[in-house]
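S.K.: Have a look at the structure that comes next, please.
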Amino acid sequence: MTDSNVQVSRRRFLKTAAGGAAVAAGALHAPFIIAQPAKLKIGLMLPYTGTFAALGTAITNAFKLYVAEKGGKLGGRELEYVVLDDESDPAKAVDNAGRLVNRDKVDVLVGTVHSGVQMGMVKVSRESGVLSIIPNAGAGAATGQLCAPNIFRSSFTNWQTIHALGKVMMEKGHKTAAWISWKYAAGQEMFEGFKEGYEKLGGKIVKELWLPFPNVEFQALLTEVAAARPSATACFFAGGGAVKFVKDYDAAGLKKNIPLYGNGFLTDGTLQAQGASAQGIYTTLHYADSLEIAKDKDFRLNYAKAYKLQPDVYAVQGYDAAQILDLGLRAVKGDVKSQKGIIAAIEKATVDSPRGKWRMSKAHNPIQDSYLRQVVGEQNKFVSVAWKALADPARGCKMG
Ligand code: BEZ
């Protein structure tokens, strides 16, 4: 059935249902009944336990904040949530996503945070054709080799978050660096992104250090950083793991002589717990806490009012996931089966985001500024635009 056929047959169904109800109502002298479209089912597949639990919660909070701002509806449709804790476990990803799509019959799949889990979700999204929005995980393939018309991101690719960091570190005079991260898809892709940008400008990576996700036993690796004597360290950690890494790096006495850099996940949503250990750290990311953007000021105020918490980059991505879904649905008057119309509307939109305005690339990934930020108190303060309108190269994507 084509997209427009689906639209027509659904409209016909509503008309018939309303007509039938009116006849029945007349026969029984009951009040006139107007048929309401069924609630839109949103599958939220995110981590709510483990090292990325706070990330999943922030995405969920902000998604619901946007919906609340729109009177509890997206594209005129009321919502019903089916919430699933993916535990950041790639081994369960295909089964979990499959259950949401095939058993729970969600209309839209929103998730997730962890790149490995995302790969399982992408498989289900491609096979089922369900409209899917990625509110964090940066796995390049999702908007690269495996890009698909029904898959959108409201976040970033792993490459995109760290591409500017090499330039920043070279400008600060760090000609040698150690790299440390978790050994899984995101850590590996971020390393490749960092290496590409840093080595192109003459930087040399003198030590590569890895530990399995989500381990946080950093001590032996920190001894190796000290022994390698790099000018600086670059890394990727996020959530609970980032809190411990920043504190351990400081406690090992490394911070002063071998400054720590990373993409902004290192210090986003973590500053209260990291305390003095995070002060002064420079990172790159597509959000900062002190942007002079009216939309961001409103967003921060409303989020803090609703949740008694400061928002972070994950919250921004959750908010924008709801926002792109809303603008797609509005274009088709809430008819989620009218997928071509939804896709066309999202593709041509300019998203008015707390991070600044952005547009989708042809591969369905945000084209956005990468900011240099520095930790001051409990804020990732905006320093400068490290890279204007940075687009992921979308290697291998055949769309568009
Ligand atoms: C990822 O696995 O893609 C990821 C997780 C946390 C923060 C950023 C990226």
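The values are calculated or read from the model by the stated rules, or taken from the named source; none is laboratory data. The shown structure was predicted, so the numbers you read here are calculated from the model rather than taken from an experiment. No Cβ is skipped: glycine too gets one built from the backbone with ideal geometry, and neighbour counts run over all protein chains shown. To get the accessible areas, we keep the full protein, side chains included, count just its heavy atoms, and leave off ligands, DNA and RNA. Shrake-Rupley method; radii C 1.70, N 1.55, O 1.52, S 1.80 Å.
Residue by residue, here is whether (1) more than 16 Å from the ligand (Cβ to nearest atom); (2) assigned to a helix (DSSP H, G or I); (3) under 26 Å from MET360 (Cβ atoms) holds:
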position	(1), (2), (3)
SER277	yes, yes, no
THR283	no, no, yes
ASP289	yes, no, yes
ALA306	yes, yes, no
TYR314	no, yes, yes
ILE324	yes, yes, yes
GLY328	yes, yes, yes
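S.K.: Please list, ordered by residue number, the strands (runs of 3 or more DSSP E) wholly in the stretch 39-144 having 2 or more residues that are more than 16 Å from the ligand (Cβ to nearest atom).
M.R.: Strands (runs of 3 or more DSSP E) meeting the threshold: 40-46, 77-85, 108-110.
S.K.: Among GLU208, GLU192, which is closer than 27 Å to PRO393 by Cα, within 16 Å of the ligand (Cβ to nearest atom), modelled with pLDDT of 95 or more and open to solvent by 40 Å² or more (accessible area, probe 1.4 Å)?
M.R.: Of GLU208, GLU192, the one residue that is closer than 27 Å to PRO393 by Cα, within 16 Å of the ligand (Cβ to nearest atom), modelled with pLDDT of 95 or more and open to solvent by 40 Å² or more (accessible area, probe 1.4 Å) is GLU192.
S.K.: Do we have LYS247 as touching a residue at least 12 places away in the same chain (Cβ under 8 Å) and either touching a Cys at 6+ places or on another chain (Cβ under 7 Å) or assigned to a helix (DSSP H, G or I) (or both) here?
M.R.: yes
S.K.: Just checking, which of LYS340, LYS388 is at pLDDT 95 or above, open to solvent by 40 Å² or more (accessible area, probe 1.4 Å) and part of a strand (DSSP E or B)?
M.R.: Only one candidate passes the filter, namely LYS388.
S.K.: If you don't mind, there's one more thing I want to ask. If the requirement is being among the charged types (D, E, K, R), free of Cβ contacts under 8 Å to residues at least 12 places away in the same chain and on the phi > 0 side of the Ramachandran plot, which of these qualifies: LYS308, LYS348?
M.R.: Just one listed residue meets the conditions, LYS308.
S.K.: So which residues in the stretch 222-243 are small (Gly, Ala, Ser), assigned to a helix (DSSP H, G or I) and away from the ligand (no atom under 13 Å from the Cβ), if there are any at all?
M.R.: ALA226, ALA227, ALA228
S.K.: Quick check on the stretch 227-248. Is at least one of its residues more than 26 Å from ALA53 (Cβ to Cβ) and open to solvent by 50 Å² or more (accessible area, probe 1.4 Å)?
M.R.: For the stretch 227-248, residues more than 26 Å from ALA53 (Cβ to Cβ) and open to solvent by 50 Å² or more (accessible area, probe 1.4 Å): present.
S.K.: Cβ contacts < 9 Å: first residue without any contact (Cβ under 8 Å) to a residue 12 or more places away in the chain, restricted to the stretch 123-139; second residue assigned to a helix (DSSP H, G or I) and away from the ligand (no atom under 16 Å from the Cβ), any location; separation 6+ or different chain. Result?
M.R.: Every condition considered, the pairs that remain are GLU127/GLY98; GLU127/VAL101.
S.K.: Hey, another quick one. Quick one: which residue in LEU146, LEU109, LEU74, LEU84 is within 21 Å of ALA315 (Cβ to Cβ), aliphatic (A, V, I, L, M) and surrounded by fewer than 24 Cβ atoms within 10 Å (Cβ to Cβ)?
M.R.: LEU84
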